[in-house]
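Enquirer: Here it is: the structure, laid out below.
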Amino acid sequence: MSGRWKAVGLVVGLLLGACGAPAEPSPGPRPGATAPVEEAAASPSPAPTRTRLPTLTPASMAFRPQSLPGGFRTGDQWLAVRVVREFAKERTAYTADTYAIWFTDGQRWLGPVPEVGLYITRLERAFWRRAGSGWELCARVAVQPTLGAREAPMIFCTPAPPGAGPKEASSVSLEASPCPDGRSLCVTQSDGTVRALPLPEDLFRPDPSQKVEEISPLEVGDEEVQMKIRYRITEKGGFIETRIWKPVCGTQGRWVVVDFAVYRHPWAEDGAAGGGLEHSELYIADLSAETVRPLSAIEARGQLVDAFRAEGRIPFVRGDERFSMPNHLLPYVEGGCSPDGSFLLFGTEADESGMLGFPLSWVARLEDRVIYPLPGDQARWVERSP
């Protein structure tokens, strides 16, 4: 073994030598410290293995997150965000060289952890952990030493600011489900009464520009509703459109978030195959106003992305035309409602047009529907440790 690889092995051994067996949480590790997974009882993930991660060389951050505009912050609710640390110089698909985890309340950004770049394949969860008289912000992630290698679960932590820590949840959760008619949202309130809010009729109308062959009856389940519409294009075929809506979280005794998606696949007289997600949107049911409206318009999201990219807030690859025109048309609930019920965490991906778009996480304040993209493609609310 050359002296160069011996040096790399020594660095990796110092960083990950403790990964062989779980250990009790230290009272106060240094900022950016890494630790093996300590939640075996709370997670079905496999125990950490002693995995050698090659070429772990500390480097200056190519991108640092900035505070959100207008003083937007999430108060006592903190977020963990997976941020691209470096991009590969040559690439054929959306994969980043290395990532880092940052913690934020919208204005303050703590990180990066780890201090070296790793291929973090998944941000699994984020949680508070006691450290002496204060708290740490921790993220549980899955790490790959190289693409295609076996994942190694790890935990990264950093000290929280003075006074920051988990707060008692004051949110009033709402129990919501589809009504029997499949066209309304039934919400059970704290006194046991049930209120029904009709969804917009446009969600159930067929495409007026297409020839409708058949509309199947609504399939109403406990958690979601499906609607199938068959359109004819030729004498022997066309496409089937499947519309699915479901409530995903209800909070503050007032709001319910509804996820609506449309899938399309071709059909012929001898069968149907292929197809995928065509469109999706998030709706907010407001019991106080008795309305169900989209969270935001597609155009508004696009304008925010353009503005953030121009200000250097989003780590797009400069000079790479594949990332110059992202299509963020497919929002989906990513982290759900915040522990206090005031905010929503969701994600967006590119559509089926073939354009590569950089996936983003977004945070929305439910009170006034102000939303901002976060500079990363995965995010989680920091929750109380089990």
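Enquirer: Leaving out ligands, DNA and RNA, and with a 1.4 Å probe, what % of the accessible surface on the range 178-284 is carbon or sulfur? Spell out each step's value before the answer.
Expert: Numbers: 2660 of 5540 Å².
Reported share for carbon and sulfur atoms: 48 percent.
Enquirer: Using the scaling law 2.2 N^0.38 Å as the reference, what is the normalised Cα Rg of the range 178-284?
Expert: Numbers: Rg = 16.0 Å, N = 107, 2.2 N^0.38 = 13.0 Å.
So the Cα radius of gyration is 1.23 times the expected 2.2 N^0.38 Å.
Enquirer: Same structure again: Would you mind counting up the charge near SER177? Only other residues with Cβ under 11 Å from its Cβ, with Lys and Arg at +1 and Asp and Glu at -1.
Expert: Numbers: positive: LYS246; negative: GLU175, ASP222, GLU223, GLU224.
Around SER177, the charge tally is -3.
Enquirer: Residue-wise, which Karplus ³J(HN,Hα) couplings in Hz belong to the range 182-192, taking 6.51 cos²θ - 1.76 cosθ + 1.60, θ = phi - 60°, and x for glycine or proline?
Expert: x, 10, 9, 9, 9, 10, 8, 8, 4, 8, x
Enquirer: Sorting check: for 366-372, 277-283, 341-347, which peptide has the highest mean count of neighbouring beta carbons within 10 Å, and how do the rest follow? List each step's numbers first, then the result.
Expert: Working: 366-372: 15.0, 277-283: 18.4, 341-347: 22.6.
Put in order of decreasing packing, that is 341-347, 277-283, 366-372.
Enquirer: Now for a separate question. Quick one: if the Förster radius is 25 Å, what FRET efficiency do GLU86 and ALA310 give, using the C-beta to C-beta distance and rounding to 0.05? Working shown, then result.
Expert: Details: r = 21 Å, r/R0 = 0.86.
Using R0 = 25 Å, I get an efficiency of 0.70.
Enquirer: Something else: Long-range amide H contacts for GLU213: which residues qualify at under 5 Å (H placed 1.01 Å from N, peptide plane, sequence gap of 5 or more or a different chain)?
Expert: ARG230, TYR231, ARG232
Enquirer: Here's something else I'd like to know. Would you please give the residues with an amide H less than 5 Å from that of GLU136, counting only those at least 5 places away or on a separate chain, with H modeled from the backbone geometry?
Expert: ARG129, ARG130, ALA131, ALA160
Enquirer: Can I ask one more? Each residue of the range 337-344 in order: what ³J(HN,Hα) in whole Hz does its phi give by Karplus 6.51 cos²θ - 1.76 cosθ + 1.60, θ = phi - 60°, with x for Gly and Pro?
Expert: Karplus values, whole Hz, x for Gly and Pro: 6, 5, x, 8, x, 8, 10, 10.
Enquirer: Oh, and also: Amide H to amide H, which residues 5 or more places from GLU175 or on other chains are under 5 Å from it, using H placed in the peptide plane?
Expert: Hits under the 5 Å cutoff: THR188.
Enquirer: Still on this structure, please answer the following. Show me, for the range 120-135, the HN-Hα J-couplings you get by feeding each phi into the Karplus relation (A = 6.51, B = -1.76, C = 1.60, θ = phi - 60°), rounded to Hz, glycine and proline as x.
Expert: 7, 6, 7, 8, 7, 6, 10, 7, 7, 9, 5, 9, x, 8, x, 9
Enquirer: Let me ask another. Would you please give the FRET efficiency between THR291 and ARG130, computed as 1/(1 + (r/R0)^6) with r the Cβ-Cβ distance and R0 = 45 Å, to the nearest 0.05? Intermediate values should be presented prior to the final figure.
Expert: On the way: r = 42 Å, r/R0 = 0.94.
The computed FRET efficiency comes out at 0.60.
Enquirer: Something else now. For THR146 and GLU299, FRET efficiency with R0 = 35 Å and r from the beta-carbon atoms, rounded to 0.05? Before the final figure, lay out the partial values.
Expert: Values: r = 41 Å, r/R0 = 1.16.
After rounding, the FRET efficiency stands at 0.30.
Enquirer: Using a 10 Å cut-off on Cβ atoms, rank the peptides 153-163, 199-209 from the highest mean neighbour count down. If you can, show how the numbers build up before the last one.
Expert: Working: 153-163: 19.9, 199-209: 11.8.
So the peptides 153-163, 199-209, ranked by packing, come out 153-163, 199-209.
Enquirer: Roll a 1.4 Å probe over the protein chains and send me the accessible area per residue for the range 178-284 in Å². It would help to have the intermediate numbers written out before the result.
Expert: On the way: 5540 Å² over 107 residues.
Averaged over the residues of the range 178-284, the accessible area is 52 Å².
The values are calculated or read from the model by the stated rules, or taken from the named source; none is laboratory data. This is a predicted model, so every value here is computed, not measured. All Cβ positions, even for glycine, are placed from backbone atoms using ideal geometry, and neighbour counts span all protein chains on display. SASA here: full protein model, heavy atoms, side chains in, ligands and nucleic acids out. Shrake-Rupley method; radii C 1.70, N 1.55, O 1.52, S 1.80 Å.
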